[in-house]
Amino acid sequence: MAQLNKVPSHFKTIEQVDVPQGRDGKHKKVVTMILEDLDQLGKGMALRVPLKELADSKENVRSALNRATLKSGRKVTTATDADFLYVWNVE
């Protein structure tokens, strides 16, 4: 068997079993809270989430919420004004 010329790796390696699975990003808590509240939301109602209570920008939270709703097959709509992020279920 021919010996391969080993080139040093550019990155460190770890055991595959030690690789974190799933996506528990910084938006998980607020997105989970929004989804739980949407489950209990009455028809014709919207959640009003204060922007000042978000740990990140409204754009990043909306993106995280969009990823979560697409993954779960939910349909929601969002809107914002200067102070709030509004979220509601699409019938």
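Some points to look at:
- Test: residue 1 is out of contact with any helix residue (DSSP H, G or I) (no Cβ under 6 Å at 6 or more places or on another chain), in a loop (DSSP other than H, G, I, E, B) and at pLDDT 95 or above: no
- When the stretch 50-91 is filtered for residues that are aromatic (Phe, Trp, Tyr) and surrounded by fewer than 14 Cβ atoms within 10 Å (Cβ to Cβ), only 86 remains.
- The set of residues from the stretch 57-90 being within 14 Å of residue 35 (Cβ to Cβ) and among the aromatic types (Phe, Trp, Tyr) comprises just one member, 88.
- Test: residue in the stretch 14-29 that is part of a helix (DSSP H, G or I), surrounded by 10 or more Cβ atoms within 10 Å (Cβ to Cβ) and either touching a residue at least 12 places away in the same chain (Cβ under 8 Å) or not polar (S, T, N, Q) (or both): yes
The values are calculated or read from the model by the stated rules, or taken from the named source; none is laboratory data. What you see is a predicted model; the values in this text were computed from it and never measured. Methodologically, a virtual Cβ is constructed for each residue, glycine included, from the backbone with ideal geometry; neighbour enumeration extends over all protein chains shown.
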